[in-house]
Amino acid sequence: MLRGVYYLIKNGTRSWACNRRTLSYFGFEQNNAVALTREEFSKYKLVQPTCVNNSLLRDSYTGKVYLVQNGKRRWVTNFAFARLKLNPNNVITVSYRLLDQIPEGEILR
């Protein structure tokens, strides 16, 4: 399980990696992560989060589950979660501050 928050750093930018699948997709391993000081971290421009398609994220504040598709988060109603046969074991809980960085898409009902 991912602990802490991981960012992909590339070409002077930092992009929050929303889960382990995202890190693996881009060829990164959690044990190769490097801790940065706040000063070092602030030198990188923050850009939109990076999430692979079909990542499932739960808002730690509201409890809503979102499916990330094409760079947008789509709220998944309980009915849609069951209809789409999504796996609750694949849901990662994240802070609403991180989740709010991902643009909202249409609700899945």
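List of remarks:
- Inter-label distance, Ile107 to Asn70: 2.0 nm, where each label sits 7 Å from its Cα along the C-beta direction.
- The range 21-71: C-alpha pair distances exceeding 13 Å, %: 71 percent
- The share of alpha-carbon pairs in the range 55-99 lying farther apart than 12 Å comes to 57%.
- Paramagnetic reach from Gln48 (point 7 Å along Cα→Cβ, amide N under 19 Å) across the range 74-102: 74-76, 97-102
- Ranking of Ile107, Ile92 by neighbouring Cβ atoms within 10 Å, starting from the fewest: Ile107, Ile92.
- Calculated over the range 1-44: convex hull of Cα atoms, volume per residue (Å³): 73 Å³
- For the chain, built as a Gaussian network whose Cα springs stay under 10 Å, the top-fluctuating residue of Arg14, Arg97, Arg58: Arg97
- Of the labelled figures (i) 0.94; (ii) 0.98; (iii) 1.28, only one reflects Rg/Rh (Cα atoms, Kirkwood Rh) as derived from the coordinates, namely (ii).
- The chain, helix-only ellipticity at 222 nm - DSSP H runs n ≥ 4, -39,500 (n - 2.57), divided by all residues, nearest 500: -4000 deg cm²/dmol
- In the chain, a dipole from Cβ-located charges (positive for Lys and Arg, negative for Asp and Glu) runs towards its positive end, and of Asn32, Asn70, Cys51 it is Asn70 whose Cα lies farthest in that direction.
- For Asp100, Asp59, order by how many other beta-carbon atoms lie within 10 Å, fewest first: Asp100, Asp59
- For the pair the range 10-58 / the range 62-94, the C-alpha centres are spaced 21 Å from each other.
- Unit charges on C-beta of K, R, D, E only; dipole of the range 1-93, Debye: 300 debye
Taken together, the values in this text are just the output of simple stated rules run on the coordinates, not laboratory data. In this text, all values refer to a predicted model and were calculated from it rather than measured experimentally. Cβ atoms come from the backbone with ideal geometry, glycine included; neighbour counts cover every protein chain shown.
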